[in-house]
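So the structure is just underneath, and the comments pick up after that.
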Amino acid sequence: MAEKEVLLTPEGLKKLEDELEQLKGVKRREVADRIKLAISYGDISENSEYEDAKNEQAFVEGRIMTLEKMLRNARIINEDEVDTDVVSIGSTVTLKDIEFDEDIQYTIVGSAEADPAQNKISNESPVGRALLGKSVGSLVEVNVPAGVIQFKILEIKR
């Protein structure tokens, strides 16, 4: 089975590479030290420190494998590839929420970079999917669990 392509901006790529470096270098050593310390306490069969350290080790190694897979399958979306005529991955879109008469700005990113707290939404999210391919002035309807949200696209930029 083909592995899923991971779409990243250069900023997103750097963030994942930095996290991988941190996990492989610093975090692995910290966890190994915790395991050694826990073993020094004696009987590991009833040693909660040892159990916690081993669980953390499993989490760290799992995250390292996930990040390495993501980076192997990464396709970088460079800013000069971003079309400002229509919404695409890498676009920053200013929208007017029709119901609440409020403007909001989203950057469309790949799912690995999505961070709603920073208004970075995935191209696979309902809003992201609805916006892709639309142009300035378009009225976009998004089906969400609470009903239908309507946006008007005011601006598309890189």
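The values are calculated or read from the model by the stated rules, or taken from the named source; none is laboratory data. Note that the coordinates shown come from a computational prediction; the quantities given were computed from them, not determined experimentally. All Cβ positions, glycine included, derive from the backbone under ideal geometry; neighbour counts span all protein chains shown.
Only one of the numbered conditions (1) surrounded by 14 or more Cβ atoms within 10 Å (Cβ to Cβ); (2) farther than 14 Å from Leu95 by Cα is not met by Lys152, and that is (2). One residue is enough: does segment 29-51 have a residue meeting the conditions of a type in the set (Phe, Trp, Tyr), modelled with pLDDT of 90 or more and over 30 Å from Ile121 (Cα atoms)? For segment 29-51, residues of a type in the set (Phe, Trp, Tyr), modelled with pLDDT of 90 or more and over 30 Å from Ile121 (Cα atoms): present. The single condition from (1) assigned to a loop (DSSP other than H, G, I, E, B); (2) touching a strand residue (DSSP E or B) at 6+ places or on another chain (Cβ under 7 Å) that Asp83 fails is (2). For segment 48-80, the set of residues classified as surrounded by 13 or more Cβ atoms within 10 Å (Cβ to Cβ), touching an Asp or Glu at 6+ places or on another chain (Cβ under 7 Å) and not in a helix (DSSP H, G or I) consists of Asn73 only. Would you confirm whether any residue within segment 117-137 is under 30 Å from Leu20 (Cβ atoms), crowded, with 16+ Cβ neighbours inside 10 Å and of a type in the set (Lys, Arg)? Yes: one or more hits.
Could you tell me whether any residue of segment 81-93 is more than 28 Å from Lys15 (Cβ to Cβ), touching a residue at least 12 places away in the same chain (Cβ under 8 Å) and β-branched (Val, Ile, Thr)? Taking every residue of segment 81-93 in turn, none turns out to be more than 28 Å from Lys15 (Cβ to Cβ), touching a residue at least 12 places away in the same chain (Cβ under 8 Å) and β-branched (Val, Ile, Thr). Filter segment 12-42 down to the residues that are farther than 16 Å from Phe59 by Cα, exposed (fewer than 11 other Cβ atoms within 10 Å of the Cβ) and within 26 Å of the chain's Cα centre (by Cα) and list them by number. Selection gives Asp18 alone.
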